[in-house]
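See structure below.
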Amino acid sequence: MLDRVKGPHDALAELQVFRETLRTHVAEVTKEIVLRDKMNQKAVETLCARIDLVVRDYSGFLRRLNTLRGAEEAEAQDRDAVVDLRREWGIAHARTNLFQVELNQWSLMKALVAKQVASRKKRVPLYEARPSGLGVAQSSASDDVFDWVHAILNPESQSDDAFQSGCFPDIALPNSRFHEHLHAGYRVVLAQGRTQPMRFLDVGCGGGLKVLSARRYFTRSEGLDYQDSYVDTARSLLERAKADDAKAFQADALTFDGYGDYDVIYFYRPIRDDQKLVEMEQRIVELVRPGTVLIAPYVGFEARFAGLGCGRVAGSVYLAKTSQKDADRWRRKAEQTGVAVVHAEDERVATIWTPLLEASRNSGYDVERFKPLI
Ligand SMILES: C[S@@+](CC[C@H](N)C(=O)[O-])C[C@H]1O[C@@H](n2cnc3c(N)ncnc32)[C@H](O)[C@@H]1O
């Protein structure tokens, strides 16, 4: 292969061949892993072995290329000739080395693929059947701390108007319960393939802590509240958190007409008055798109969801305008996703692995991250 390389131009052409070969293999392995439980293990293993080979061959190519360049420099007549050579090779040298940096990530990607192969026939329930005593004790302590923080962040008391209108004040659902439901809802959205962008709405967001928390899962996170002073508090929180992808706004859940814009809608019994609460539930279900994920962690909804035309996926996660049979089907599909909650990250430069990484993330799998030392 290197015999063909006589100079930087040939090196760049060779780099292109490696890149294209690898791109094809990555596309093929990506096509397999998106099949989840239906992926062909043998095909994935064969493709991984081919990628192993490309990575190994490329290291050899780069080594020999550097040797060739070294030899050329050694033969140079003087310092100026060395400088000319380096200038000539500059771009090829940078690009070929940069590709090696990309290839160094293969071990991480290979582990990511292996994890999906190993889990392809397994189902992880949306909720933990028997949470461990240790976990429960830790979550309960953490929930208390969150309640303190919640009270500090929203010191506003309920307005007379909100009280007269039948609203509940800003009473927080325990943080750990919220994350259990959100995680389950997130996996359902992944199973549905509704990945980008995912829009979340908290109906009755109070001081906005849940809107802020939902950013960890969804691309856009929004909250509405009846009470102006709560909305101001929520806005200030989101502003201080520099949460450009989140917003809070004033609206009455009983008249709001934008429910159809969201993929996941969370409502934790905002309204005290039973009749109005049912009205709100009917309005939400009527306006949303079929299959919208509803998270409603309170007893009344548990009793009413079927009559409202929703199916229960699991726990407090429901699907609007969906039969129970279909909701059960979505639960099984969601249980086949991984459990990683992908970190929203700043736009990164695409690499050769981007299609594989994105597809894995859309299935609930992510690369192991290096843990910082401190
Ligand atoms: C029980 S708290 C829920 C707070 C937060 N969503 C949580 O889960 O921690 C209910 C919130 O709903 C708001 N709310 C009550 N009725 C409402 C209505 N008709 N429209 C909009 N918000 C309402 C209240 O002001 C309050 O902030």
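The values are calculated or read from the model by the stated rules, or taken from the named source; none is laboratory data. The model shown is predicted, which means the values in this text are computed figures rather than measured ones. For neighbour counting, all protein chains shown are included, and Cβ atoms are generated from backbone atoms with ideal geometry for every residue, glycine included.
Can you report the number of residues in segment 306-317 which are not in a loop (DSSP other than H, G, I, E, B) and not charged (D, E, K, R)?
Adding up the residues that qualify gives 4.
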- line: The residue from Ala248, Ala234, Ala303, Ala243 that alone is part of a loop (DSSP other than H, G, I, E, B), of a type in the set (Gly, Ala, Ser) and on the phi < 0 side of the Ramachandran plot is Ala243
message: Cβ contacts < 7 Å: first residue in the same structural domain as Tyr266 (by TED's automatic domain parsing) and within 9 Å of the ligand (Cβ to nearest atom), restricted to segment 160-177; second residue polar (S, T, N, Q) and assigned to a helix (DSSP H, G or I), any location; separation 6+ or different chain. Result?
response: Asn175/Ser142
- request: Run down Glu128, Glu88 and say which single residue is acidic (Asp, Glu), assigned to a helix (DSSP H, G or I), more than 16 Å from the ligand (Cβ to nearest atom) and more than 29 Å from Thr30 (Cα to Cα).
  value: Glu88
- line: Matching residues in segment 58-104 (touching a residue at least 40 places away in the same chain (Cβ under 8 Å) and either within 23 Å of Pro355 (Cβ to Cβ) or in contact with a strand residue (DSSP E or B) (Cβ under 6 Å, 6 or more places away or on another chain) (or both)) number 8
query: What number of residues in segment 269-303 are within 24 Å of Leu190 (Cα to Cα) and small (Gly, Ala, Ser)?
result: 2
task: Return the total of residues in segment 260-276 being buried (at least 22 other Cβ atoms within 10 Å of the Cβ) and either free of Cβ contacts under 8 Å to residues at least 60 places away in the same chain or outside any loop (DSSP other than H, G, I, E, B) (or both).
output: 4
field: Flag if Phe146 is touching a Lys or Arg at 6+ places or on another chain (Cβ under 7 Å) and crowded, with 16+ Cβ neighbours inside 10 Å
entry: no
Subset of segment 277-300 [assigned to a helix (DSSP H, G or I) and surrounded by fewer than 16 Cβ atoms within 10 Å (Cβ to Cβ)]: Glu279, Gln282, Glu286, Val299, Gly300
- prompt: Going by the conditions given, is Val211 touching an Asp or Glu at 6+ places or on another chain (Cβ under 6 Å), within 14 Å of the ligand (Cβ to nearest atom) and among the β-branched types (Val, Ile, Thr)?
  reply: yes
message: Every residue in segment 224-239 that is near the ligand (Cβ under 7 Å from one of its atoms) and either under 27 Å from Arg187 (Cβ atoms) or at pLDDT below 95 (or both), please.
response: Leu224
- request: Scan (1) assigned to a loop (DSSP other than H, G, I, E, B); (2) surrounded by 15 or more Cβ atoms within 10 Å (Cβ to Cβ); (3) more than 25 Å from the chain's Cα centre (by Cα) for the single condition Arg95 breaks and write down its number.
  value: (1)
message: Scan segment 215-231 and tell me whether some residue there is on the phi > 0 side of the Ramachandran plot, surrounded by 17 or more Cβ atoms within 10 Å (Cβ to Cβ) and in the same structural domain as Tyr318 (by TED's automatic domain parsing).
response: no
message: closer than 30 Å to Thr322 by Cα, touching a helix residue (DSSP H, G or I) at 6+ places or on another chain (Cβ under 9 Å) and assigned to a helix (DSSP H, G or I): which single residue out of Val149, Val189, Val145 fits that description?
response: Val189
